[in-house]
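Chemist: One structure, pasted below without further comment.
Only the coordinates and a few stated rules stand behind these numbers; no lab work does. The shown structure was predicted, so the numbers you read here are calculated from the model rather than taken from an experiment. Neighbour counts run over all protein chains shown; Cβ positions are idealised from the backbone, glycine included.
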Amino acid sequence: MAQQMPGEIRIGRQALTLLERLLAAAAPEEGCGLLLGRRRPEAGAAGSAAALPWSVRQVWPTTNVWEPASERDRRFRIDPREQLHAQKWARRHGLELLGSVHSHPSSGPQPSATDCALAFGPTLMLIRGSVGQAAAACVGAASVGAELGCWWLDCGVEPRQLPWRMED
């Protein structure tokens, strides 16, 4: 059964803080992790079935195991064993694997051709890009919001940017 694209991504404050620190610590290599949360709204939340928000509650840190290691500044790979461990932990805690997050240390927060080619779609992908001159001109560029892109990747379809917001 194909996954339906979410209408919005909601990221918990603690998850957003961990995401930022995890990806910054990996520089100058691409950092990576998994996004755990819920595809359905929390109890009492409103939304149409066609565009329900997804809620990221946890960021599962992973190691970039791309080979050769010399290319890790522009490529990432998550060890499948780490993904399996994260999925088992998530199920035990009432969460689901929603997608992945990674950084682009020397480019913006848009999916690269490699990101699109290697992604198992449909999937959610968050990308933290480097702050360049264009981002520095944005209001609030010092915050993660100016650098974080949320994307829906589906095989053979142009990536679609998703709106996101931080929630407590």
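Chemist: With a/c under 1.5 counting as rounded, go ahead and sort the stretch 78-135 into rounded, prolate or oblate using the C-alpha gyration tensor (a ≥ b ≥ c being the square roots of the eigenvalues; past the cut-off, prolate if a/b is larger than b/c, else oblate).
Modeler: It comes out prolate by the Cα gyration axes.
Chemist: Now a separate question. Using a 7 Å offset from the Cα along the Cα-to-Cβ direction at both ARG165 and GLN87, what is the distance between the two label points in nm, to one decimal?
Modeler: According to this spin-label approximation, the distance is 3.3 nm.
Chemist: Note down the nm distance, to one decimal, between modelled labels 7 Å out along Cα→Cβ at SER106 and at LEU18.
Modeler: Going from the SER106 label point to the LEU18 one covers 3.1 nm.
Chemist: Here's another thing I want to ask about it. Between ALA117 and ALA25, with labels modelled 7 Å along Cα→Cβ, what's the label distance in nm to one decimal, could you check?
Modeler: Inter-label distance under the simple model: 3.1 nm.
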